[in-house]
Amino acid sequence: MTLNEYRNRIDAALAEYFTLSEDYPQARLAEAMRYSLLAGGKRIRPMLVLEFCRIAGGDVEAALPVACAIEMLHTYSLIHDDLPCMDNDDLRRGRPTNHVVYGECTAVLAGDTLQAEAFGTILRCDLPAERKAACAEILAGAVGLDGMCGGQYLDMSWEGRKLTEQELTEINSRKTGALLVAACQMGVAAAGGSRLMLDTAGHFGAALGMAFQIRDDMLDVLSTAEELGKPIGSDSQENKNTYMVLMGEEGCRQTVARLTDFAKNILGEAFDDTAFLCALADSLADRKN
């Protein structure tokens, strides 16, 4: 399956969620959830779920709710990241952010509800019970105290002081990397794959996540607002610690290339059909938005 075929399949599935009619009293909350959930994006995380499920020998169609669930979770994180108390962004993917359109209270609740519905979507799907439980456990670990939320806390609490590369990695391996690792491993879990497959998927996701974050830091300096769909230069304006500050542009390019090569090579330890994931890793390393 191609990138576009995966993306179209995921988008069509996501469009089926939270379709309340206007006479429901909480219809505007559902509208706010769909506003951000259906705003586009690369759909990398659900794509990883489906592809790892496929190469682990699973049923991609049966894993589609799991793929949708991780995109719900990711969308919740973006809504909350954009809030005035966090990054205070007014633009996301070329559109006004959720709180700008719906207000802060509704935006907070839209994120909260998407997080809850992500786990509900996994637990209500038709996979065997042990596979659903494994997917939900992986996702919970990726989001919680030692995952994405913990990384966001470190990012905020360490603002205003110069960080070492190790400290910056402590933040980003949780804030960005944990959910990408989870996507890879949830695909294997949905297929009932082996321990070796789970470990290999985790190593791939960790390397991909680090390369993704470094490329993000580069784009905040080198890209344009039109290409990114959001303001650029915010990292430097807010004196944030970034890999561009620590490594410089050339150092970042070399590190992204090294991590991408590692991610592609590690796949061969457990999987045979890796062409799609290798091409995806290459495309993310050179992305413009």
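The values are calculated or read from the model by the stated rules, or taken from the named source; none is laboratory data. Source: prediction; values computed, not measured. We place every Cβ from the backbone using ideal geometry, glycine too, and count neighbours over all the protein chains shown. When the accessible area is computed, the model is the full protein with side chains, heavy atoms only, and any ligands, DNA or RNA have been set aside. Shrake-Rupley method; radii C 1.70, N 1.55, O 1.52, S 1.80 Å.
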Item to check | Test: residue in region 116-131 that is under 30 Å from residue 199 (Cα atoms) and basic (Lys, Arg) | outcome: yes
Item to check | Subset of region 92-136 that is of a type in the set (D, E, K, R) and not in a helix (DSSP H, G or I) - its residue that is farthest from residue 38 (Cα to Cα) | outcome: 126
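Looking at 180, 139, 154, which one is part of a helix (DSSP H, G or I) and within 19 Å of residue 277 (Cβ to Cβ)?
Step by step, each of 180, 139, 154 is checked, and only 180 is part of a helix (DSSP H, G or I) and within 19 Å of residue 277 (Cβ to Cβ).
Among the candidates 1, 72, which residue alone is out of contact with any strand residue (DSSP E or B) (no Cβ under 6 Å at 6 or more places or on another chain), open to solvent by 60 Å² or more (accessible area, probe 1.4 Å), under 30 Å from residue 266 (Cα atoms) and among the hydrophobic types (A, V, I, L, M, F, W, C)? Spell out how you get there, then give the answer.
Working: 72 fails: open to solvent by 60 Å² or more (accessible area, probe 1.4 Å).
That would be 1, the only listed residue that is out of contact with any strand residue (DSSP E or B) (no Cβ under 6 Å at 6 or more places or on another chain), open to solvent by 60 Å² or more (accessible area, probe 1.4 Å), under 30 Å from residue 266 (Cα atoms) and among the hydrophobic types (A, V, I, L, M, F, W, C).
Give me a count of the residues in region 50-88 that are small (Gly, Ala, Ser) and assigned to a helix (DSSP H, G or I).
The total comes to 5.
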Next on the checklist: Checking the condition without any contact (Cβ under 8 Å) to a residue 12 or more places away in the chain and of a type in the set (A, V, I, L, M, F, W, C), which residue from 68, 105 passes?
Outcome noted: 105
Next on the checklist: Looking at region 197-226, I want the residues that are farther than 15 Å from residue 286 by Cα and have a partner that is modelled with pLDDT of 95 or more and among the polar types (S, T, N, Q) with Cβ atoms under 6 Å, at least 6 apart or on another chain. Which pairs are those?
Outcome noted: 198/185; 201/185; 202/185
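Working carefully through the options 24, 17, find the one that is closer than 24 Å to residue 62 by Cβ and either among the aromatic types (Phe, Trp, Tyr) or open to solvent by less than 70 Å² (accessible area, probe 1.4 Å) (or both). So that I can check it myself, show each step before the final result.
Details: 24 fails: closer than 24 Å to residue 62 by Cβ.
Only one candidate passes the filter, namely 17.
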Checklist outcome for this item: Of (1) free of Cβ contacts under 8 Å to residues at least 60 places away in the same chain; (2) closer than 22 Å to residue 54 by Cα, residue 255 satisfies every one except (2)
Checklist entry - Restricted to region 132-170, and to residues that are of a type in the set (A, V, I, L, M, F, W, C) and in contact (Cβ under 8 Å) with a residue 60 or more places away in the chain, which residue is nearest to residue 187 (Cα to Cα)? => result 135
Checklist entry - List pairs: first in region 27-44 and within 20 Å of residue 116 (Cβ to Cβ), second small (Gly, Ala, Ser), Cβ under 7 Å, 6+ apart or cross-chain? => result 27/21; 29/110; 32/107; 32/110; 33/110; 36/110; 38/15
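To keep it simple, each residue is scored yes or no on (1) buried (at least 16 other Cβ atoms within 10 Å of the Cβ); (2) at pLDDT 95 or above; (3) touching a strand residue (DSSP E or B) at 6+ places or on another chain (Cβ under 6 Å).
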| residue | (1), (2), (3) |
| --- | --- |
| 202 | yes, yes, no |
| 205 | yes, yes, no |
| 219 | yes, no, no |
| 222 | no, no, no |
| 227 | no, no, no |
| 239 | no, no, no |
| 249 | no, no, no |
| 262 | yes, yes, no |
Item to check | Count - residues of region 154-176 that are farther than 15 Å from residue 210 by Cα and either open to solvent by 40 Å² or more (accessible area, probe 1.4 Å) or of a type in the set (Gly, Ala, Ser) (or both) | outcome: 8
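Among the residues of region 116-125, how many are of a type outside the set (A, V, I, L, M, F, W, C) and either out of contact with any helix residue (DSSP H, G or I) (no Cβ under 9 Å at 6 or more places or on another chain) or surrounded by 18 or more Cβ atoms within 10 Å (Cβ to Cβ) (or both)? Write out each step before concluding.
Keep residues of region 116-125 that are of a type outside the set (A, V, I, L, M, F, W, C), which gives 117, 120-121, 124.
Going one step further and asking which of them are either out of contact with any helix residue (DSSP H, G or I) (no Cβ under 9 Å at 6 or more places or on another chain) or surrounded by 18 or more Cβ atoms within 10 Å (Cβ to Cβ) (or both), we end up with 117, 121.
Here the count works out to 2.
Among the residues of region 142-151, which ones are of a type outside the set (A, V, I, L, M) and either assigned to a helix (DSSP H, G or I) or open to solvent by less than 50 Å² (accessible area, probe 1.4 Å) (or both)? If you could, list the steps in order and put the result at the bottom.
Step one: list which residues in region 142-151 are of a type outside the set (A, V, I, L, M), which gives 144, 146-147, 149-151.
The answer is 144, 147, 149, 150, 151.
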